[in-house]
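Worksheet for the structure shown next.
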Amino acid sequence: MSQTKIKFYFETKHQDNNYSLDNFKSKPMEVSSQPPLSLSNFSKITCCESFSLPSNNYDIGYLVSNYTSYSSIAKTLSNSELQHLVKDVFVPCKTFSFPKNLNGRSFQFMWIEKFPWLTYSEIFDGAFCLPCVLFGCNFPSECSLVERLFCKPFDRWNDASCYFQKHAFGKNNNKSVCRNKGLHVKTAEVLFSLLSIWSSKTESIDITSQKIVQSQVSKNRQLLQPIIETIILCGRLGLSLRGHRDDSEFHPENSESFNHTVGNFIKLLHFRVKAGDKVLEDHLKYHQQNASFISKTSQNQLIRCCGEVITDTIIGEIKSSKYFSIIADEASDSSNKEQLSLVIRFVDSKFNIREEFISFLHCTNGVTGQGLFDILLKSISDFSLDIMNCRGQSYDGAGAMVGHTKGLSSRILILNEKATFVHCYSHRLNLVICGLCNVQYVKNLLAYVKEVSYFFNLSPTRQQKLEEHIECTVPIAVKKKLKDVCRTRWVEKVNGLDTFQELFIPLVSCLEEMSLNANKSFNHSTASSASSLLKLITGFDFIVAMCTTRNVFDLTLPITRMLQSKSNDIYDGLNLIQALKDVISLRNIVDQHHKMCYEQALKIAQSINVAEAKPITSFISKNRDNTPSESISDYFRLVITIPLLDHLSVELDTRFDDTTLKCYKALALVPTKMISVVQCSHDTSWKDSIISFSDFYATDLPNPLALSGELDLWEAFWLNFEGDVPPNISETLKAINFPGFENIKVCLKLLATFPLTSCECERTFSSLRRLKNYMRSTMVQDRLNGLALMNIHSEIVININKVIDKFATNNRRLTFK
């Protein structure tokens, strides 16, 4: 007979049929009228090496007295040895004379008939549970709670029947409920399985053992599934999981309400139970001690596993693409910790440009160039990515990021010269707009707008009064509140100025009422401030500056928004900036542009009874614009419109001078650009620039020597192409998704990989502020990353089986795989 180990039976599944007494009565053990063999009949067990199984009709007390030695080899016993220990144990007959104790009580034979698992030991004059003694050592967490009938004899005959009943069926004393999974229930399952095999009613022991293990694993995974689904739901919606009192002692019983502030996670679990989730209900009622899997520790582990499943999915796609770019930015969270958001840009198998968040990195070494480099390099390595496959990096303009000697970008370039650095286009465009503040009128305008916005936004009473004037003056207005002209938020600066001009007339009306304070509705300080602000914003020069600046800012608004798209490539970015440069070149039609803005200013001034006038000028002045002019309109054209457009044009040319970057040499591969060059100038120099690009990335190309021939075919292919010519890199890749042009495909993938902006990092910081707020500021890093990944990547389906597999890699009280 094969030496099959009994350890296969020690993680068994509770079947629907209860292990009642009838199950054991159907397989009675042989009783004996003879006393059990004495100790001299077999060698005494002293250690594992000298252990020998007892002979027939042995007393169970011998195993108990030498239980340490027996338990050390219990898992190695063969099928035949187990059969011997079960069937050859001493069972007294009905006529056996049981000794009486001091109270005149003794063991009763009817107890053996009622509880077939019961065994009498003449040595100890006490009762034992046969399955618990034989198999209990394999369940350490349960056997530590049991002494009598297991490692100590039971000899209190006055309450024996009641004690035996509780041992068999648990504390609830209900024969129909055996879900408590105590020591006896588990060991009885093992014994029942063995008896079924020996009676030839089931499959072989190998098949049965495998089915038992699979059945138990399936049940364990099933009970973990609703817990994981609830965690995923909270993570997707950005809900907090824990409450003030999440310990089990504060959980309600059935049909009870929550009397304590437990968290959303516990409430959602009980909601599932009320909705009919019987698996979860049984688990919450009858789980083993320290195996509920709903504690804060288990939550953190399951959240981390969910996050790892998401990152594994993303990292797998990045590896299949091979080349990637790094996008990173830094911000402080609610606990005042520096968090570095790490985003990876790559081209997937369907030639879609992707920017995917993978982690928040706690900057434990500070935000210096070296500190950021160390933590970023370690993170890339932890995700099993090769930094030598990095082909681009994009950050904001902070010194720690872009410093020429000690910045993060410089350190990565030293390690990998192909990791081209691209300063974020959106940050650069915002710096262009901020540079316009060098025009004195624009600087004053933005300062006054911010001051007026604060005046109303910081007081509900003032805000209510403003809304009343908006309803009376501009009833069709959708916006009811002024926006802060934020220096760092790219779109808010433009939107704030738009809103200010839209609500300008009711704003002036409101300030007039507040400054007069005829009804004494406001205090003296409010009335005085309103009077000062009213005087600042009702000057004709302020109105002209507002209209002119708003029109110029509005030119940048669509570009600012389009640059924030994930799917934009470097060619799209250049086209957008070039389009803005072309529009800004209004020097030739500046008079026409100024006339439009000036007419708007006159219309607004007339509606609030402000006369057309220019500031007082003098012959000698250092702080005023004394530009000579023929008219008031001409004066404002010279001191506001022309300087504003000049500054904008110069800033764009200065901050977007990227012609030295190697990646721009291959942009002629885009069919629209290549066709325009060939058809307009019949020039073939575009091929030379691409050859120059390929020389730098020669090791990335599958066959660099064949590139020249591919370029000739490329030109002929698109010149004869019938249909819509792809306008950018991504569409070009999708259009040539067929065998051929292998070198050009790699070049285009490299171009698509180069980052354009770091906007995706800014979006992750929005999620960070929602997840780690002032009520959840003590969140550990793994929990933060897991919740952030679930919240940000809502489109990625989390495979619950993979989550359970990851959760099972550590030692668990239950078996999950």
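Looking across region 718-739, the residues that are touching a residue at least 24 places away in the same chain (Cβ under 8 Å) and more than 37 Å from the chain's Cα centre (by Cα) come down to Trp718, Leu719, Phe721, Val725. Scanning region 110-141 for residues that are over 12 Å from Val89 (Cα atoms) and in contact with a strand residue (DSSP E or B) (Cβ under 7 Å, 6 or more places away or on another chain) yields Trp111, Ile112, Gly126, Ala127.
Thr297 falls short on exactly one of the conditions (1) under 30 Å from Lys186 (Cα atoms); (2) in contact with a strand residue (DSSP E or B) (Cβ under 8 Å, 6 or more places away or on another chain), and that condition is (2). Exactly one residue out of Tyr454, Tyr448 is touching a residue at least 24 places away in the same chain (Cβ under 8 Å), surrounded by fewer than 20 Cβ atoms within 10 Å (Cβ to Cβ), more than 38 Å from the chain's Cα centre (by Cα) and within 23 Å of Thr499 (Cβ to Cβ), and it is Tyr448. Could you list, in sequence order, all residues of region 766-817 that are of a type in the set (Ser, Thr, Tyr) and either at positive phi or modelled with pLDDT of 90 or more (or both)? Hits for region 766-817 are Ser766, Ser767, Ser794.
Inspect region 496-506 for any residue being more than 18 Å from Lys483 (Cβ to Cβ) and either of a type outside the set (Val, Ile, Thr) or touching a Lys or Arg at 6+ places or on another chain (Cβ under 8 Å) (or both) and give the result as yes or no.
No: region 496-506 contains no residue that is more than 18 Å from Lys483 (Cβ to Cβ) and either of a type outside the set (Val, Ile, Thr) or touching a Lys or Arg at 6+ places or on another chain (Cβ under 8 Å) (or both).
One residue alone among Phe139, Phe90, Phe124 is modelled with pLDDT under 85 and in contact with a Pro (Cβ under 8 Å, 6 or more places away or on another chain), and that residue is Phe90.
For region 786-809, the candidate set comprises residues that are within 11 Å of the chain's Cα centre (by Cα) and among the polar types (S, T, N, Q); within that set, the residue that is surrounded by the fewest Cβ atoms within 10 Å (Cβ to Cβ) is Ser794. Does Ile326 fit the bill of being under 23 Å from Phe421 (Cα atoms), surrounded by 22 or more Cβ atoms within 10 Å (Cβ to Cβ) and out of contact with any Phe, Trp or Tyr (no Cβ under 6 Å at 6 or more places or on another chain)? So Ile326 passes the test.
Please report, ordered by residue number, the helices (runs of 4 or more DSSP H) entirely within region 511-612 with at least 2 residues that are over 30 Å from Leu750 (Cβ atoms) and either free of Cβ contacts under 8 Å to residues at least 40 places away in the same chain or in contact with a Phe, Trp or Tyr (Cβ under 8 Å, 6 or more places away or on another chain) (or both). Write out each step before concluding.
Working: elements: 524-537, 540-563, 570-584, 590-607.
By residue number, 524-537, 540-563, 590-607.
The values are calculated or read from the model by the stated rules, or taken from the named source; none is laboratory data. Values in this document were obtained by computation on a predicted structure and should not be read as measured data. Methodologically, a virtual Cβ is constructed for each residue, glycine included, from the backbone with ideal geometry; neighbour enumeration extends over all protein chains shown.
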